[in-house]
1. Condition first: at pLDDT 95 or above, assigned to a helix (DSSP H, G or I), within 16 Å of the ligand (Cβ to nearest atom) and not aliphatic (A, V, I, L, M). Can you find one or more residues in region 133-140 that meet it?
2. Got a sec? Which of Ala155, Ala144, Ala162 is out of contact with any strand residue (DSSP E or B) (no Cβ under 8 Å at 6 or more places or on another chain), over 18 Å from Met29 (Cα atoms) and open to solvent by 50 Å² or more (accessible area, probe 1.4 Å)?
3. Looking only at region 44-68, count every residue that is in contact (Cβ under 8 Å) with a residue 40 or more places away in the chain and touching a helix residue (DSSP H, G or I) at 6+ places or on another chain (Cβ under 9 Å) and tell me the total.
4. Out of the residues in region 55-90 that are open to solvent by 10 Å² or more (accessible area, probe 1.4 Å) and either polar (S, T, N, Q) or at pLDDT below 95 (or both), which is farthest from the ligand (Cβ to nearest atom)?
5. Looking at Lys160, Lys167, Lys129, Lys153, which is the one that is under 24 Å from Gly84 (Cα atoms), out of contact with any His (no Cβ under 6 Å at 6 or more places or on another chain) and among the charged types (D, E, K, R)?
6. Inside region 91-125, can you point out the residues that are more than 17 Å from Glu31 (Cα to Cα), of a type in the set (D, E, K, R) and either outside any helix (DSSP H, G or I) or open to solvent by 40 Å² or more (accessible area, probe 1.4 Å) (or both)?
Amino acid sequence: MKRKKREAAETAAPRVAIVMGSDSDMEIMRESAAVLDEFAVPYELFLTSAHRTPERTAAYADAAPARGIRAFIVGAGAAAHLAGVIASRTLLPVIGVPIDATALRGLDALLSTVQMPGGVPVAAMAIGKAGAKNGALLAVQILALGDDGLREKLAAHRRKMAADVEKKQETLR
Ligand code: RP5
């Protein structure tokens, strides 16, 4: 990530919240941050746990919209209730990233994230890095609904992915 873009993303008011249940989730959630840096979307990182710090979680979710946050990307492992709890307290879109943190290799977190009861949606991503990356891309897509510049960046991103496949084709023997 280019320094200028990262600095811009760090100084502007955050529009996306990257939330995680433990600092041990940061290695995975870094992928979300990298995508938002790439698109120069300002974000903040927030550590809170549905189980260990329930009041902190509720206060953060409640205050976020007034501060300009427009989407949450929430990474959690084990009995991953953080995305669901945040979703229960907000009308903003919540994107859940299940993290491989236990002997069940993320399947526990995937099911906890995806199996929300009807009425309180969480957009569940894949387990791990791909999920963290896609979570950020989905957040950018949400913001792009009202931002032509961001929509063009997304289109360019898709074109580059396609061009990269074509290039790789050339290297096949
Ligand atoms: C979850 O428990 C966290 O999101 C993390 O993935 C997992 C383990 O947390 P630590 O024991 O590493 O803090 O709440």
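1. Within region 133-140, the first condition is being at pLDDT 95 or above, and the residues that meet it are 133-140.
Narrowing the set further to residues that are assigned to a helix (DSSP H, G or I) leaves 133-140.
Checking which are within 16 Å of the ligand (Cβ to nearest atom) leaves us with 135.
Now narrow it down to the ones that are not aliphatic (A, V, I, L, M): 135.
So far as region 133-140 goes, yes, one or more of its residues are at pLDDT 95 or above, assigned to a helix (DSSP H, G or I), within 16 Å of the ligand (Cβ to nearest atom) and not aliphatic (A, V, I, L, M).
2. On the way: Ala155 fails: open to solvent by 50 Å² or more (accessible area, probe 1.4 Å); Ala144 fails: open to solvent by 50 Å² or more (accessible area, probe 1.4 Å).
Just a single option satisfies the conditions, and that option is Ala162.
3. Of all residues in region 44-68, those in contact (Cβ under 8 Å) with a residue 40 or more places away in the chain come to 60, 64, 67-68.
If we keep only those that are touching a helix residue (DSSP H, G or I) at 6+ places or on another chain (Cβ under 9 Å) too, we end up with 60, 64.
Residues in region 44-68 being in contact (Cβ under 8 Å) with a residue 40 or more places away in the chain and touching a helix residue (DSSP H, G or I) at 6+ places or on another chain (Cβ under 9 Å): 2 in total.
4. Among those residues, the one meeting the criterion is Thr90.
5. Lys129
6. Arg105 - this is the single residue of region 91-125 that is more than 17 Å from Glu31 (Cα to Cα), of a type in the set (D, E, K, R) and either outside any helix (DSSP H, G or I) or open to solvent by 40 Å² or more (accessible area, probe 1.4 Å) (or both).
The values are calculated or read from the model by the stated rules, or taken from the named source; none is laboratory data. As the structure is a prediction and not an experimental result, all values here were calculated from the model. Using ideal geometry, Cβ is built from the backbone for each residue, glycine included, and neighbour counts are taken over all protein chains shown. Protein only, heavy atoms only, side chains kept; ligands, DNA and RNA dropped before computing areas. Shrake-Rupley method; radii C 1.70, N 1.55, O 1.52, S 1.80 Å.
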